[in-house]
Amino acid sequence: MIDSLPALRGATDAGEIKPLAILLPRRLPSKPDLPAAAETVPGLTAIGWQAISVRAGTPQALVTKLGEDLRTTMTRPDARARLDRIGTPFTPIFGADVARFIEGEQKLWWPIVKEAAAR
């Protein structure tokens, strides 16, 4: 099974399941005993991500304000510490970097989806 650490936290804390590895490029500082899959299979990574988007045509001033507020909130030390505690690494990206990231994810995963669909 592949899922996020926060989603599995209750079951892992209760000892009902045992994580074998994470699909991040390297171990989490908050879970140093949990190996990264890439330690065994080089290049094996899959990073969960979220993005906030707005409707096309949203006034640029509002887009800028939302981005600034999100950056301020998500880079606060208490927010970062909470994310680290629950096993959610966070690398904030904004603006055009988000579009480039999504394009990269599409290029990475689309061939895999097509191959799986052909089976």
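Subtracting the Cα-Cα distance of Ile86 and Met1 from 0.36 nm times their residue separation leaves 28.7 nm of extension gain.
A helix-only calculation puts the chain at -15000 deg cm²/dmol for mean residue ellipticity at 222 nm, using -39500 (n - 2.57) for each DSSP H run of at least four residues, averaged over all residues. For Ile22, nonlocal amide neighbours, meaning residues 5 or more places apart or on other chains whose placed amide H falls under 5 Å from its own, are Ala36, Ala37. Assuming R0 = 41 Å, can you tell me the calculated FRET efficiency for the pair Leu23 and Leu70, based on Cβ-Cβ distance, to the nearest 0.05? After rounding to 0.05, the efficiency reads 0.95. Protection proxy ranking, highest mean first, for peptides 14-26, 53-65: 14-26, 53-65, where packing is the per-residue count of other beta-carbon atoms within 10 Å, averaged.
Taking chymotrypsin sites (Phe, Trp or Tyr not before Pro) across region 34-119, the ones in a DSSP loop with at most 16 further Cβ atoms lying within 10 angstrom of their Cβ are Trp49, Phe90, Phe94.
Just so you know, the Rg over Rh for region 1-48 is 0.95, from Cα atoms, with Rh as the Kirkwood radius. If the chain linking Ile93 and Glu115 were pulled fully straight, counting 0.36 nm for each residue of separation and taking away their Cα-Cα distance, it would gain 4.9 nm. For the chain, taking the reciprocal of the average inverse distance between every pair of different Cα atoms yields a Kirkwood hydrodynamic radius of 16.9 Å.
Rounded to the nearest 20 debye, the dipole size of region 21-119 about its Cα centre is 100 debye, using +1 on the Cβ of Lys and Arg and -1 on the Cβ of Asp and Glu. Under a GNM of the chain (C-alpha, springs under 10 Å), which listed residue has the highest mean-square fluctuation: Arg71, Arg100, Arg27? Highest fluctuation among the options: Arg100.
Every read-out reported here was derived from the displayed coordinates using simple, explicitly stated rules and does not represent laboratory data. Note that the coordinates shown come from a computational prediction; the quantities given were computed from them, not determined experimentally. Neighbour counts are summed over all protein chains in view; Cβ atoms, including those assigned to glycine, are modelled from backbone coordinates with ideal geometry.
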